[in-house]
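The values are calculated or read from the model by the stated rules, or taken from the named source; none is laboratory data. As the structure is a computational prediction, the values presented were derived from the model and not from experiment. Glycine gets a Cβ as well: all are built from the backbone with ideal geometry, and neighbour counts include every protein chain shown.
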Amino acid sequence: PPKARLRTSRLFSTTAPTHSMFGRQAIKYPPQVTITVEPHPPRPALPTCDRAIVVTGPRGVLRQPIEPFVELDIQPGAGVLQLSVTDRKNEAMKMRWGAIWKFVNNMIEGVTEGFEVPVLLLGTIKAVKEDGHVGLKLGADHRVSVPIPKGVTVTYADKEKDTARLRVMGTDKEVVGQFAAKLRTYKAPPKKKKSVSEGEVQ
């Protein structure tokens, strides 16, 4: 007779965690941070968002628009924020739930510690201090002026004369990262072998 097969059960799951799994976790924030909800006029990019989470801390204020289906339980005394959605089986809501959870965590870190991205200017590219701009010398006769976004600060990593090492800092993680990436797009003519790169500043 054929041998009986043993039934086995999986002791763990290899399925990647969903956004809702993150959203279920309570968000803890320090005493110097306050979280409130304020009315937010709908915009073309986010037509259904009529409210905004406002996170205030020592370094500034950040806002994140949210949809009506997002539910918040703010507990100031305990320093805890719990997020949820009206329909936990709705895939679109679950994705947004997890995304907002990540946004709020980044906002808390931004208004308390801030974000910093080092940018290295390779080759002979140099940065020139300008009021509200970063001036890049990409060659003997080629220079561009890059506007610095609101809430972002650009400083030299070492001495002021070392204009090849910059630090991009700010409270909004996305804005800081996007501006650092923008600086990397500027390149000198190929024969000059110059480029802008993001990396660790020694």
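Summary table below
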item	result
Region 39-62 - residue that is in a strand (DSSP E or B) and loosely packed, with under 13 Cβ neighbours inside 10 Å and, of those, modelled with the highest pLDDT	Pro39
Gly114 being under 18 Å from the mean Cα position of the chain (by Cα) and either more than 30 Å from Thr185 (Cβ to Cβ) or hydroxyl-bearing (Ser, Thr, Tyr) (or both)	no
Selection within region 77-116 - farther than 25 Å from Val154 by Cβ and part of a strand (DSSP E or B)	Val80, Leu81, Gln82, Leu83, Ser84, Val85
Cβ pairs under 7 Å, 6+ apart, first in region 62-82 and touching a residue at least 60 places away in the same chain (Cβ under 8 Å), second of a type outside the set (D, E, K, R)	Leu62/Val55; Leu62/Met107; Leu62/Gly110; Leu62/Val111; Leu62/Thr171
Selection from region 45-91 of residues that are within 22 Å of Glu174 (Cα to Cα) and of a type in the set (Gly, Ala, Ser)	Ala45, Ala52, Gly57, Gly60
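Table: residues versus (1) out of contact with any helix residue (DSSP H, G or I) (no Cβ under 9 Å at 6 or more places or on another chain); (2) modelled with pLDDT of 90 or more.
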position	(1), (2)
Ala78	yes, yes
Ala99	no, yes
Val111	yes, yes
Thr124	no, no
Gly132	yes, no
Val146	no, yes
